[in-house]
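Reading through the structure tokens given below for one structure.
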Amino acid sequence: MATKSEMKAVLTAQTLDFLRELAQNNNRDWFQTNRKRYVAAKAEFEAWVGRVLAGVCSFEPLPTTDVKDCIFRINRDIRFSKDKSPYKLNFSAAIGPGGRHSGRIDYYIHLQPGNESFLGAGMWQPTPEHLSKFRQEVDYNVDELKAIIEADAFRAYFPEVWGETMKTAPKGYSADHPEIGLLRRKQLFFMHRFTDKEVLKPAFADDVVRGCQLLKPYCDFLNYLFFDEVNDAVLM
């Protein structure tokens, strides 16, 4: 349950300024010199995520999920990257059962200055098995999915779709299939961008919660398709 301070939590220009300056000084010396600013910005983001989490819990109970479980580290994993910049240029969180390590489709929040903040969710880097299940569902029963992602309110809030699309029809499907557009999708991730001005509004958390509520049917659809079908089979 959110604390009183979390229920009033907002994001301020100081947090965006820290991230903006970090992008220009992505090195450990600068970060250590500005560690107090980082700690303050991180605390502000965590309190704000607590407010969002409380809002999401009004329509999707997450009794075992704590804010700390949702927040991603700012340190980059540079072990296998040519880019050795040590820090991410954003704060981010994933809200779902157990937080960022849920392994399920959850709500992803990305905070980055320069009008790069967004809320998103969906099929991203699916396993071959999950992609096969998605295509089979599109082939046999596309109406449920289309009723969700083509609804007026959904399309108005999530006009942008991320993800890779095959140039040709996937194996086993005809190029003239009526749903070839969906069948060619290797990823289907919907997102809503926010300007820096929107991020700083007092009601920003409430807007994000509204977006999560619009995303819920799509997340539920994918989670059932990818995970819950297995559980149902075990129980039968």
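Could you name the aspartates and glutamates in cross-link range of Lys201, using Cα to Cα under 19 Å and dropping any fewer than eight places away on the same chain?
Output for Lys201: Glu6, Asp17, Glu44, Glu46, Glu116.
Give the accessible surface of region 85-161 per residue, rounded to a whole number of Å², with probe radius 1.4 Å and ligands, DNA and RNA excluded.
On a per-residue basis, 46 Å².
Here is the link list: Lys42/Lys88; Lys36/Lys88; Lys146/Lys167; Lys68/Lys216; Lys88/Lys216. Which ones come out longer than 19 Å on Cα distance?
Those over the limit are Lys146/Lys167; Lys68/Lys216; Lys88/Lys216.
State whether region 31-98 is rounded, prolate or oblate according to the following rule on the C-alpha gyration tensor (a ≥ b ≥ c being the square roots of its eigenvalues): a/c under 1.5 gives rounded; otherwise a/b larger than b/c gives prolate, and the remaining case gives oblate.
Verdict is oblate for region 31-98.
For the chain, with all protein chains present and a 1.4 Å probe, just round the carbon and sulfur fraction of the accessible area to a whole percent.
Accessible surface attributable to carbon and sulfur in the chain totals 53 percent.
Please work out the FRET efficiency for the pair Arg76 and Tyr224, using the Cβ-Cβ distance as r and a Förster radius of 30 Å; give the result to the nearest 0.05.
Efficiency for this residue pair is about 0.35.
Select from region 1-83 those chymotrypsin sites (Phe, Trp or Tyr not before Pro) which occupy a DSSP coil region and have at most 13 other Cβ atoms within 10 Å, ordered by residue number.
Phe59, Phe80
Work out the P(r) tail for region 1-126: percent of alpha carbon pairs separated by more than 18 Å, whole number.
So the pairs more than 18 Å apart make up 56 percent of the total in region 1-126.
For the chain, give the magnitude of the charge dipole about the Cα centre (Cβ charges: +1 Lys/Arg, -1 Asp/Glu; no others), in debye to the nearest 20.
The dipole of the chain has a size of about 1160 debye.
R0 = 45 Å: FRET efficiency of Lys186 with Ala40, Cβ-based, nearest 0.05?
Efficiency computed from Cβ-Cβ geometry: 0.65.
Taking the Cβ of Gln112 as the center, what net charge do the other residues with Cβ under 12 Å away carry, scoring Lys and Arg +1 and Asp and Glu -1?
Summing Lys and Arg as +1 and Asp and Glu as -1 gives +1.
Kindly express, to the nearest 10 degrees and within the range 0 to 90, the angle between helix 204-223's C-alpha long axis and the longest C-alpha principal axis of the chain.
With both axes taken from Cα atoms, the answer is about 30 degrees.
What is the helix-to-structure angle for 13-24, meaning the angle in degrees between its Cα long axis and the longest Cα principal axis of the chain, kept from 0 to 90 and rounded to the nearest 10?
The angle comes out at about 80 degrees.
Sketch the reach of a paramagnetic label on Leu200 as a point 7 Å from Cα along Cα-to-Cβ, and name the residues of region 35-76 whose backbone nitrogen lies under 18 Å away.
Within reach of a label on Leu200, which here means backbone N under 18 Å from a point 7 Å along Cα→Cβ, region 35-76 contributes 41-42, 44-45, 48.
For the chain, what does the equivalent ellipsoid look like in terms of its semi-axes, each the square root of 5 times an eigenvalue of the Cα gyration tensor, given largest first in whole Å?
34, 21, 17
Pop out the ³J(HN,Hα) list for region 170-184 in order, Karplus 6.51 cos²θ - 1.76 cosθ + 1.60 with θ = phi - 60°, rounded to Hz; leave Gly and Pro as x.
In residue order, the calculated couplings are x, 4, x, 10, 7, 5, 9, 4, x, 10, 4, x, 6, 5, 7 Hz.
The values are calculated or read from the model by the stated rules, or taken from the named source; none is laboratory data. Computed from a predicted model, the values in this text were never measured in an experiment. Here Cβ is always computed from backbone atoms with ideal geometry, including for glycine, and neighbour counts include all displayed protein chains. Areas reflect the complete protein model, heavy atoms only, side chains present, ligands, DNA and RNA absent. Shrake-Rupley method; radii C 1.70, N 1.55, O 1.52, S 1.80 Å.
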